[in-house]
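S.K.: Provided herewith is a single structure, encoded as structure tokens, for subsequent inquiry.
Please treat every number below as a calculation from the coordinates, not as lab data. This structure is a prediction, so every number in the text was calculated from the model and none was measured.
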Amino acid sequence: MKLFLTSSPCDDEGGHAIGLPFVFREGNGFAARLRKRLPEGVLGVMLAAYPDDHERNDAMAGDFAAAFEALGRPLSDMLMLDSRMSRKAIASAIAESGVILLSGGHVPTQNAWFRRIGLKNALADYQGIVMGISAGSMNSCGSVYAQPEEPGEAVDPDYKRFIPGLGLTDVMILPHYQMVKDDILDGMRLFEDISIPDSAGRVFYAIPDGSYVLQEYGHATMYGEAWRIADGVMEPWCGDGEWRRI
């Protein structure tokens, strides 16, 4: 398996320039590395974050199919895997695919659905490309850090911040850092009061849109700007245009 963990792989401005909602980002070599690893004409599948939002899901699948075509790697088809499909049909589509997208959304919501459909088992022997997007990247971990996001989650004693995931990687990313770094949630600073203390005994990587991790052949490499958060300490760790082995 070749695993891309992204915050957002989408370049909206680049897409609008050619009449698309977005194209894949060229920065930090993302589009080039994806293009190199993806054969033409494979089946693409996308796992929804909100399995019952069918209209939104179909639009998203079409937009990503167009982005792959703009990349020079048109797919044979792009299937959206959501609540309209049975667990068996989802597993079959995954087995036939060459690239899988794990979409962005609310981490616990997506995680619960992944567990209901047995996605971890369906991916156990998968040899193609998997691309996580935001929540999809976070749920790729064996132990998922479900960073509090919605009002009430940070102060809810029953909210589980660490939950079992897909087990595809040990790298825990915190996406959209440029957007959320100054957020206040439930009267607390998202990073200084919540996530940095939660890093006790663990390592998180806060990354902005445009940075990503590529894991293949047993190694994980960070490409682009990243901050490392470990044991209550946050520090700059990798710069834009740079790479560093994790």
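S.K.: For the chain, state what percent of all Cα-Cα pairs lands in each successive 5 Å bin, counting from 0 Å until the bin that includes the largest distance.
M.R.: Final binned percentages: 1, 6, 14, 19, 20, 17, 12, 7, 3, 0.
S.K.: Would you work out the relative contact order for region 199-238, in percent, from Cα pairs under 8 angstrom that are 6 or more residues apart? Spell out each step's value before the answer.
M.R.: Numbers: 67 pairs, mean separation 17.2, N = 40.
Dividing the mean separation by the residue count of region 199-238 yields 43 percent.
S.K.: Next question. Rounded to the nearest 5, what % of the DSSP beta bridges within the chain are antiparallel ones?
M.R.: 55
S.K.: At a Cα cut-off below 24 Å, give the lysines reachable from K120, other chains included and same-chain residues fewer than 8 away excluded.
M.R.: Cross-link targets: K2, K88, K160.
S.K.: Out of the DSSP beta bridges found with both residues in region 1-118, what percent are antiparallel (nearest 5)? Provide the component values of the computation, followed by the final result.
M.R.: Working: 2 of 11 bridges.
About 20 percent, rounded to the nearest 5.
S.K.: While we're here: Would you look at the GNM of the chain, springs on alpha carbons closer than 10 Å, and say which of R87, R161, R37 moves the most?
M.R.: Comparing R87, R161, R37 in the GNM, the peak value goes to R37.
S.K.: Over the chain, what is the relative contact order in whole percent, taking alpha-carbon pairs under 8 Å and six or more residues apart?
M.R.: 21
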